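J.: Below is one structure. I have some questions about it.
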Amino acid sequence: MMNYYSTNDHNNKVNLRTAVMKGLAKDGGLFMPEFIPKLTKDFFQNLSVYSFNEIALEISSRFIEDEIGETDLQSIIERSFDFPSPVVWLNEYFGVLELFHGPTLAFKDFGARFMASVMGHFIAGDSKELNILVATSGDTGSAVANGFLGVEGIKVFVLYPSGQISNTQEKQITTIGKNIVALEIEGTFDDCQRLVKKAFVDSELKSIHLSSANSINIARLIPQTFYYFEAYKNIPKGDHEIIFSVPSGNLGNLTAGLIAKLMGLPINKFIAATNSNDVFTQYIRSGKLNTRKSERTLSNAMDVGDPSNLVRIMELFENKIDLIRDVIFSESFNDTQTLQAITEINSNYNYVIDPHGAVAYLASKEYIKSRDHNKIKGVILETAHPAKFSDVYELIKGIEIEMPSRLKECLTKDKKSIKLSSDYKEFKDFLLQKDN
Ligand SMILES: *Cc1c(COP(=O)(O)O)cnc(C)c1O
């Protein structure tokens, strides 16, 4: 059986079920698999003929082993991934991996839907209601909420920073209803994350059966490895340097890519793209971690001042900064550069990229400056549909974006949220109220 240990204590090990249902270890650490399974030569030889779901089954069964039977796992996968993840090639060298074809138009649908299904599987038959807490800087909230929508025995509280996410994102969170409660926090995303983290280690909240659904949950990380394999299928064979550029915030997406590499996927370099919230870029440069308050940017799902998955990356590379630098290049870009990149991609390639993908594009361009272009095959992760950021495109002339119908629909509904300050006591009292 695969065990999961806490990043705060390697001797604190639990099974997958506990890791998924707790989210965070008792000691405040994040769960990590005790080893990274290696895929067989055979698997890689046949990769090009495997479907996304076949890849998902092969990989997830290595992490889940006998804790979920194969038939159940197969139906979890089928339920979770009923949308495509195509690579659109901009030119000979660069392709865009579109991860926004899920129900909430962002890559977080991959993790959120898989996690919701796995949790639903684990709690089937329990008598106590499960309360999920999720802090969001934009897209997590709607993805998680959507994944759990209508799941029996589960209530979801989505915490988001008031006035700091786009109107569209707010509507997506506050118009769902049913078992989803939107909590509008007067503070930053980091405040939201702090409230959630504190609640988990608060023994006085034991009675209300809390669980997490942030990118820290291991059941969200595992499915994010799948699309790296799927994208790799699309890369022409040859003697190339293969790079994946990842728009990064809490570093869950990047961590999943690194795990895919450690499982054997031959990716040469990861480009960790950050916006002005460049804590990770500075860490790669200096080897020192200086967390700080996040600031608001156009690519707001990356507005993170204390990236939660960094400890996992440190674990994967035994805390050795040189090993981390061998596989990760990082660069940061501001909003002005982001807007220019959107325009550049549109006029050069006739492709509309979202602000997060634009930052990833810029970082990959920076990386190849000092390289032989002809040897590169690069994949840019496009993490959200541009229509989610219609306010950004109002700043740019001449780019039309089409609004997908499911987005149009939720924009017409009324917002429903509960306002709270960023004070922990107030949050805790709210949680302890019955029938909230
Ligand atoms: C969450 C998010 C990111 C950042 O991903 P992390 O895994 O937190 O690094 C990037 N782009 C979009 C659109 C997101 O929603």
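The values are calculated or read from the model by the stated rules, or taken from the named source; none is laboratory data. As the structure is a computational prediction, the values presented were derived from the model and not from experiment. Every residue, glycine as well, gets a Cβ built from its backbone with ideal geometry; the counts of neighbours run over all protein chains shown. These accessible areas exclude ligands, DNA and RNA; they are computed on the full protein's heavy atoms, side chains included. Shrake-Rupley method; radii C 1.70, N 1.55, O 1.52, S 1.80 Å.
J.: Over the range 82-173, what is the relative contact order in percent, taking alpha-carbon pairs closer than 8 angstrom and at least six residues apart? Numbers along the way, then the final one.
T.: On the way: 125 pairs, mean separation 22.6, N = 92.
After rounding, I find 25 percent.
J.: With labels modelled as points extended 7 Å from the Cα through the Cβ direction, what inter-label distance (nm, one decimal) is found for Glu65 paired with Lys38?
T.: Rounded to a tenth, the inter-label distance reads 1.8 nm.
J.: In whole Hz and in residue order, list the ³J(HN,Hα) couplings for the range 272-278 that follow from phi through the Karplus curve 6.51 cos²θ - 1.76 cosθ + 1.60, θ = phi - 60°; x for Gly and Pro.
T.: Taking θ as phi minus 60°, the curve returns 8, 9, 10, 8, 4, 7, 9 Hz for the range 272-278.
J.: What list of ³J(HN,Hα) values in whole Hz, one per residue of the range 412-423 in order, does the Karplus curve 6.51 cos²θ - 1.76 cosθ + 1.60 (θ = phi - 60°) give from phi, with Gly and Pro shown as x?
T.: 8, 7, 7, 6, 10, 9, 10, 8, 9, 7, 8, 6
J.: Quantify, in whole percent, the carbon and sulfur part of the accessible surface of the range 39-126 (1.4 Å probe; protein heavy atoms only).
T.: Percent of accessible area from carbon and sulfur atoms in the range 39-126: 47.
J.: Among 36-46, 346-356, 114-124, how do they line up from the highest to the lowest mean number of other beta-carbon atoms within 10 Å? Kindly include the intermediate steps, with their values, before the conclusion.
T.: Working: 36-46: 12.7, 346-356: 19.2, 114-124: 22.1.
Ranking the peptides 36-46, 346-356, 114-124 by packing returns 114-124, 346-356, 36-46.
J.: Find the accessible area per residue for the chain; the probe is 1.4 Å, ligands and nucleic acids are left out, and the unit is Å². Can you show the working numbers first?
T.: On the way: 17340 Å² over 436 residues.
For the chain, the per-residue accessible area is 40 Å².
J.: Here's something else I'd like to know. Considering Cα pairs under 8 angstrom that are at least six residues apart, work out the relative contact order of the chain and quote it in whole percent.
T.: Working: 840 pairs, mean separation 82.2, N = 436.
Relative contact order, the chain: 19 percent.
J.: Oh, and also: Amide H to amide H under 5 Å from Ile380: which residues, 5+ apart in sequence or cross-chain, H placed 1.01 Å off N in plane?
T.: Excluding prolines and chain starts, which carry no amide H, the hits are Gly95, Val96, Leu97, Ser245.
J.: Something else about it: log10 I(q)/I(0), Debye, Cα-only the chain, no solvent, q = 0.10, 0.14 Å⁻¹?
T.: For the chain at q = 0.10, 0.14 Å⁻¹, log10 I(q)/I(0) is -0.65, -1.39.
J.: Students often get this wrong, so check it: of Lys128/Lys293; Lys13/Lys171; Lys178/Lys419, which have C-alpha atoms separated by over 28 Å? Walk me through the numbers before you get to the answer.
T.: Working: Lys128/Lys293 37 Å; Lys13/Lys171 40 Å; Lys178/Lys419 18 Å.
Cα-Cα > 28 Å for Lys128/Lys293; Lys13/Lys171; rest within.
J.: Still on this structure: Taking the Cα centre of each part, how many Å lie between the range 187-224 and the range 68-136?
T.: The distance from the Cα centre of the range 187-224 to that of the range 68-136 comes to 19 Å.
J.: Turning to a different aspect of this structure: Could you please state, rounded to a whole Å, how far the C-alpha centre of the range 315-335 is from the C-alpha centre of the range 25-59?
T.: If you average the Cα positions of each part, the centres end up 22 Å apart.
J.: Which of the GluC sites (Glu not before Pro) found in the range 20-115 are loop residues per DSSP with 12 or fewer other Cβ atoms within 10 Å of their Cβ? Intermediate values should be presented prior to the final figure.
T.: Numbers: sites: Glu34, Glu54, Glu58, Glu65, Glu67, Glu70, Glu78, Glu92, Glu98; in loops: Glu34, Glu92.
Answer in residue order: Glu34, Glu92.
J.: What order do Tyr93, Tyr361 take when sorted by accessible area (1.4 Å probe), most exposed first?
T.: Working: Tyr93 55, Tyr361 15 Å².
Per-residue accessible area, sorted high to low, gives Tyr93, Tyr361.
J.: How many percent of the accessible area of the range 336-425 is carbon or sulfur, using a 1.4 Å probe?
T.: Numbers: 2170 of 4700 Å².
Exposed carbon and sulfur together represent 46 percent of the surface.
J.: Give me the one-decimal nm value for the distance between modelled label points at Met403 and Arg371, 7 Å along each residue's Cα-to-Cβ direction.
T.: 3.9 nm
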